[in-house]
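Take a look at the structure set out below.
Every number here is computed from the coordinates shown, using simple stated rules; none is lab data. Source: prediction; values computed, not measured. For neighbour counting, all protein chains shown are included, and Cβ atoms are generated from backbone atoms with ideal geometry for every residue, glycine included.
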């Protein structure tokens with residue numbers, strides 16, 4: 001997930017796709033640039049990423065390490081050593097242990113914030129889909145839906161991010177998610193980011209629909225960054241299969257529906273339907289659709305807040321701000337209308 005930005009190229013590319021499994025007027029961008037096969041990326045696109053860049057380790061693998069001198073958002077004020085990648089086996093199940101294809105963990109030192117993982121043989125789905133037969137793309141989407149269902153079948157003890165500071169952890173998904181919103185609104189307003197509606201109005205819209213969050217009674221593991229660059233695929237006979245997924249550092253325990261944010265928000269309608277077929281085997285209920293708008297709004301707020309700290313080039317920063325603001329405006333309008 002690291003060193004990824006919503007570049008102008010990817011913004012333009014994404015504008016060819018409609019987003020969302022139920023309504024498809026929105027045209028979001030891919031949250032990153034393509035990567036070379038086997039590279040381990042730290043988050044750069046959407047939520048609670050560490051603001052440090054990590055040095056590359058030996059043998060083509062990526063090792064984590066703390067960098068100094070870059071400001072953190074409020075939402076990032078957790079002990080780096082306690083982040084989900086440092087405790088990967090607590091967040092993502094052991095390789096194959098839950099039917100989830102993962103690269104092998106060779107070494108992890110939570111105290112030093114270091115992790116060394118297997119180099120995957122395949123290529124990112126972001127790259128491979130450019131030359132795939134459309135039928136193979138749809139099958140990978142269904143497979144990703146099935147893999148995501150397996151991830152969200154992993155239970156947690158409490159809702160929230162598994163960070164040492166515990167600020168978002170609670171016995172209530174409503175309580176945890178509302179803390180997410182408070183943190184990210186604080187980041188956005190504290191850095192004078194322009195928002196399409198006043199922060200108080202955004203907060204009111206989220207709180208208006210907060211009772212729906214109480215429908216989520218069991219903490220489920222959510223990867224929350226399964227965009228195509230974090231999925232590696234390999235040729236398999238006449239088709240393709242998912243070799244492995246990466247970047248569990250933004251994982252949290254919450255509503256399984258939140259997994260759909262990265263799975264369906266950046267793909268055409270037919271592909272979103274294939275994801276839902278693998279993930280749920282049905283369409284979203286009205287309650288699930290509203291919750292998805294809440295989680296998407298959270299993502300757009302993160303992108304807006306990040307324009308203050310990521311150090312993107314001026315043009316790219318402006319494009320990202322315009323994109324995220326437009327998407328947030330659309331989803332807030334959906335929430336206001338129901």
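Could you calculate the contour length gain from residue 204 to residue 309, that is, 0.36 nm times the residue separation minus the distance between their Cα atoms, to one decimal place in nm?
35.2 nm is the gain from fully extending residue 204 to residue 309.
State, to one decimal in nm, how far the label point of residue 153 lies from the label point of residue 104, with both points 7 Å from Cα in the Cβ direction.
The modelled label-to-label distance comes out at 2.5 nm.
Please report 195, 292 as a ranked list, fewest other C-beta atoms within 10 angstrom at the top and most at the bottom.
Lowest count first: 195, 292.
Give me 243, 314 ranked fewest to most by other Cβ atoms within 10 Å of their Cβ, as a rough exposure proxy.
Ranking 243, 314 by Cβ neighbours within 10 Å, fewest first, gives 314, 243.
With 10 angstrom as the radius, rank 181, 151 by how many other C-beta atoms surround their C-beta, starting from the fewest.
Values: 181 20, 151 24.
Fewest to most other Cβ atoms nearby, the residues stand as 181, 151.
What does the extension gain come out to for residue 337 and residue 285, with contour length at 0.36 nm per residue minus their alpha carbon separation?
17.1 nm
Test of understanding: what is the full-extension gain from residue 135 to residue 111, defined as 0.36 nm times their sequence separation minus their Cα-Cα distance?
Between residue 135 and residue 111, full extension yields an extra 4.1 nm.
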